[in-house]
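A short write-up of the structure that comes next.
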DNA sequence: GGGCATCACATCGTATACAATCTATACGCT
DNA sequence: AGCGTATAGATTGTATACGATGTGATGCCC
């Protein structure tokens, strides 16, 4: 969610947001074609605006644009997948630590609300939404840490993680997350920076180890795309 | 330098690159207006393409786009400036360490070549180019570390650092850089990861402390912009 | 003379039109 | 039949046109 202006979100931003959410919630999978005319018709705008939105998503690495061929939902290679989690393991323990050191009571409330919504989504069987909220938790943590720039990086990495999970997730257990996030909140609420960092690190390692990074388990939409 | 395709760089990419270099080399200062028509005339393309280029730069945070007002070279606030160097201090020691652990002889040669070119630029009094090369040094180090994603972040941060330096640089001494980069190469060449990380950290702290982050020392190009 | 409304101009935002490129089907050849 | 080529359709890349929104100046009123 790249929020450039606070009020009146540009139409291009709205479209980018819509597509972004669809990708996050796995309604659009890696490799899906994003035709300009098609999207334009759906949102009732011209291709000009759609192109701007697709370019935005392309810069966030959520979408791959291939010259004269169009835009597709990105499908990260195993290598990219590994790097995404390496980068997160580098950044997020620090944001968790800073968050623990600076968190105000209202921040804690916000985080707890997040977790509750996440649990609700899981109960309701809405896995897409649960995943989305789970990501937001990490982003909000970075925001609380009061490090805008790093928070931006984390946001991008979380988005890409969603694609990685869509491609390489091994088991369906989102349960481990519950405990991890809960323990994190406790540490943050208690102002235990070092512990928060440690918990975040092991949480990310857990996530990483739940991936099966052997060759594409699910080959992208069309076989042709791989060979092209 | 966002190199999406290896051959045939898109016209939009060429324009973005051109503007990017101009900004890096301080030929375009923070606050400078980037009119679409003006740029389009210069490069001989329509506004459509220019807009795509400006959007790219905007996503890299090198340019700020204000709705219905146009694009301007970004002028980072003191807070942003601080965060840029904080983020670098978080990322780059690690890339330096990895680089030291993985560097091949050819990588060392490349780094040395960079330094020599940098010195040459300084001797020639071409400060803009020297600054640009100095930035490339950090980016190449991240590349050698074989961490594409983190390297991308570093690239963005280096670019933004260039703006920060344009706004907040206190003394004109680029001499300290010489020693710092030289020492870094030695550590990398010797495979001393821990030492490389340490050197990188203190190098960045040095850079940061050479800034004067009290209010905008140099008000942006047009006075009105501040008041708006 | 200072402040405010109004108007002309410049610039941006979006839609549309045309050209370039790619995809896919159909045809002819070996 | 298999394979390569040609042609038609679809999709993207770029340019142009028009409407919307700011910018700056002029002129009026106080």
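The values are calculated or read from the model by the stated rules, or taken from the named source; none is laboratory data. Every value quoted in this text rests on a predicted model; they were computed, and no experiment measured them. Don't worry about glycine lacking a Cβ; one is built from the backbone with ideal geometry, like all the others, and counts go over all protein chains shown.
Checking residue B:139 against (1) touching a residue at least 40 places away in the same chain (Cβ under 8 Å); (2) more than 14 Å from chain A (Cβ to nearest Cβ); (3) within 20 Å of residue A:86 (Cβ to Cβ), which test does it fail?
Just one mismatch for residue B:139, condition (1).
Only one residue in A:66, A:27 is farther than 14 Å from residue A:160 by Cβ, near DNA strand D (Cβ under 9 Å from one of its atoms) and outside the structural domain of residue A:108 (by TED's automatic domain parsing), so which one is that?
On inspection, the qualifying residue turns out to be A:66.
For a quick check of your reading of the model, give me the residue pairs whose first member lies in the stretch B:64-76 and is touching a residue at least 24 places away in the same chain (Cβ under 8 Å) and closer than 15 Å to residue B:50 by Cβ, whose second is near DNA strand C (Cβ under 6 Å from one of its atoms) and outside any strand (DSSP E or B), with beta-carbon atoms closer than 9 Å and at least 6 apart or on different chains.
Sorted first by the residue in the stretch B:64-76, then by its partner, the pairs are B:70/B:35; B:70/B:36; B:71/B:35; B:71/B:36.
In the stretch A:32-40, is there at least one residue being more than 12 Å from DNA strand C (Cβ to nearest atom), within 14 Å of chain B (Cβ to nearest Cβ) and at pLDDT 95 or above?
No, that holds for no residue.
Filtering the stretch B:41-59 down to residues that are within 6 Å of DNA strand D (Cβ to nearest atom) and in contact with a helix residue (DSSP H, G or I) (Cβ under 7 Å, 6 or more places away or on another chain), which residue is farthest from the other protein chains (Cβ to nearest Cβ)?
Only one residue tops the list, namely B:45.
Going by the structure shown, is residue B:36 farther than 22 Å from residue A:49 by Cα, surrounded by fewer than 22 Cβ atoms within 10 Å (Cβ to Cβ) and in contact with a helix residue (DSSP H, G or I) (Cβ under 9 Å, 6 or more places away or on another chain)?
For residue B:36, the condition - farther than 22 Å from residue A:49 by Cα, surrounded by fewer than 22 Cβ atoms within 10 Å (Cβ to Cβ) and in contact with a helix residue (DSSP H, G or I) (Cβ under 9 Å, 6 or more places away or on another chain) - is not met.
Residue by residue through the stretch B:41-69, note down the ones that are near DNA strand C (Cβ under 10 Å from one of its atoms) and surrounded by 16 or more Cβ atoms within 10 Å (Cβ to Cβ).
B:50, B:51, B:54, B:55, B:65
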